[in-house]
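Only one structure is covered here, and it is reproduced in the block below.
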Amino acid sequence: DIQMTQSPSTLSASVGDRVTITCRASQSISSWLAWYQQKPGKAPKLLIYKASSLESGVPSRFSGSGSGTEFTLTISSLQPDDFATYYCQQYNSYHLTFGPGTKVDIK
Amino acid sequence: QVQLVESGGGLVKPGGSLRLSCAASGFTFSDYYMSWIRQAPGKGLEWVSYISSSGSTIYYADSVKGRFTISRDNAKNSLYLQMNSLRAEDTAVYYCARGGGSGYWGQGTLVTVSS
């Protein structure tokens, strides 16, 4: 299976900060990468698909980049609603592996 | 609109069985591959199983291979997960999801394996 890693595992930030989360795949997944936001007790919410495509309705402060094995999710100006856990997911293989998550909390 | 609604979760003893269902609506179910994904309490997301649109191709995570069986009924717009020989470590919220890199997930159903 393709292994996914994320860094950092926890990130403390303030409202208005620029935040970057990195996701790495153990082998090339082209651009078949999605980013999800999850809040406690809720299903994950899709933010970005195909590495850099913004899901409809998601604020433009979220952006994704990368291809191959290295990807980033950037929040340009952190808002109170953005404190959550973020997961990357590869779907190059039908074994849809996820990264371990990055928790963004309040500094 | 696209809806996925899971059901069938509950409390079961170790070694027991449970069958989860996922009712799909708002899209042509038979056009899409489907997956089950789970999340143990306080843990991350774990892919469990995949089934192709026709049901002819199936994959499982190593952690459930030989114990879980995924299936679908395209006539009923439904996805299933038969879970046998359940273990404490199978305790999780189970989600069905459409495709990969998808915004379409159900709300989840909780499976608790405990004596």
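Some notes on this structure:
- Model label sites at B:Asp73 and B:Ser52, defined 7 Å from Cα along the beta-carbon direction, differ in position by 2.3 nm.
- Estimated translational D of segment B:1-60 in µm²/s (Stokes, Kirkwood radius over Cα pairs; 25 °C; 0.890 mPa s): 182
- Restricting the trypsin sites (Lys or Arg not before Pro) of segment B:1-53 to loop positions (DSSP other than H, G, I, E, B) with no more than 13 neighbouring Cβ atoms within 10 Å leaves B:Lys43.
- The listed peptides B:47-54, A:54-61, ordered by packing as a protection proxy, come out as B:47-54, A:54-61 (highest mean of other Cβ atoms within 10 Å first).
- Rounded to whole Å, sorted largest first: equivalent-ellipsoid semi-axes of the protein assembly as shown, Cα gyration tensor: 29, 19, 16
- Average other protein chain Cβ within 10 Å of Cβ, residues B:101-111: 5
- Value of D in µm² per second that Stokes-Einstein yields for chain B, Kirkwood Rh from Cα pairs, at 10 °C (1.306 mPa s): 114
- Net charge, B:Met34 excluded, C-beta distance under 15 Å - Lys, Arg +1, Asp, Glu -1: +1
- A Förster radius of 30 Å combined with the Cβ-Cβ distance from A:Gln79 to B:Gln1 puts the calculated FRET efficiency at roughly 0.70.
- Candidates B:Asp62, B:Asp90, B:Asp73, ranked by Gaussian network fluctuation over chain B, Cα under 10 Å, top entry: B:Asp62
- Between B:Thr91, B:Thr69, B:Thr28, the GNM of chain B built on Cα springs shorter than 10 angstrom shows B:Thr28 fluctuating the most.
- Residues A:Arg18 and A:Leu54, FRET efficiency given R0 of 22 Å [Cβ-Cβ distance, rounded to 0.05]: 0.85
- D (Stokes-Einstein, µm²/s), Kirkwood Cα radius, chain A, 1.306 mPa s at 10 °C: 117
Read-outs throughout are calculated quantities, based only on the coordinates presented, and are distinct from any laboratory measurement. These figures come from a predicted structure and were not determined experimentally. Ideal geometry is used to build each Cβ from the backbone, glycine not excepted, and the neighbour counts take in all protein chains shown.
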